[in-house]
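This report concerns only the one structure given below.
The values are calculated or read from the model by the stated rules, or taken from the named source; none is laboratory data. Just so you know, these numbers come straight off a predicted model, no measurement behind them. Neighbour counts are summed over all protein chains in view; Cβ atoms, including those assigned to glycine, are modelled from backbone coordinates with ideal geometry. Areas reflect the complete protein model, heavy atoms only, side chains present, ligands, DNA and RNA absent. Shrake-Rupley method; radii C 1.70, N 1.55, O 1.52, S 1.80 Å.
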Amino acid sequence: MTISDLHCDVCKAFVPGLTGGSEPVDEPGPTGGVRFVYHPGRPQFRDTSGLMCGHCWAKAEQWLGARHRSRRCAVCGAAVDRHSSLHVHRFDEASAWRLCAQHSVEFLNRLRTVQPKLDPATFRFPSTG
Ligand SMILES: [Zn+2]
Ligand SMILES: [Zn+2]
């Protein structure tokens, strides 16, 4: 996937300081944007086109917490396994946050790019079939 526009996925603010292409952000900061990747533990559903302005990313990071906990939802601490959690990480960092179904919906529904919005009552991770 490619980044279609350089606007924050949350607040739609124009994000300066990104060159596009595949190279990571040089100096993420309050004014720069942060590219991020998310997937439900399955590479074929990986979405690498996430982009937030520094402000929204800072808020998201606060929500996610500083620690990357393995096998636990970053927000509520519920136990999750690899294929029943959303993995979120910065484009330039390998360590991911995990989110349980409920908090995955909360995270994804904040993104402008997620349409239609997900319904927490019916949300399911892709079948592990
Ligand atoms: Zn923003
Ligand atoms: Zn949770």
Label-point separation in nm, Asp81 to Leu6, each point 7 Å along Cα→Cβ: 4.4
Taking a probe of 1.4 angstrom, what is the accessible area of Lys117 in Å², to the nearest 10? 90
Is the shape of region 59-108 rounded, prolate or oblate, going by the alpha carbon gyration tensor and its root eigenvalues a ≥ b ≥ c, with a/c under 1.5 for rounded and a/b larger than b/c for prolate? rounded
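FRET efficiency for Asp119 and Arg46, Cβ-Cβ distance as r, R0 = 35 Å, nearest 0.05? Intermediate results must be reported in sequence, preceding the final value.
Numbers: r = 23 Å, r/R0 = 0.65.
That pair, Asp119 with Arg46, gives E of 0.95.
Could you grab the Rg to Rh ratio for region 25-120? Cα atoms only, Kirkwood for Rh.
Details: Rg = 12.7 Å, Rh = 13.5 Å.
Rounded to two decimals, Rg over Rh is 0.94.
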Label-point separation, Arg71 to His55 (7 Å along Cα→Cβ), nm: 4.1
Accessible surface of Phe45 in the full protein assembly, 1.4 angstrom probe, to the nearest 10 Å²? 100
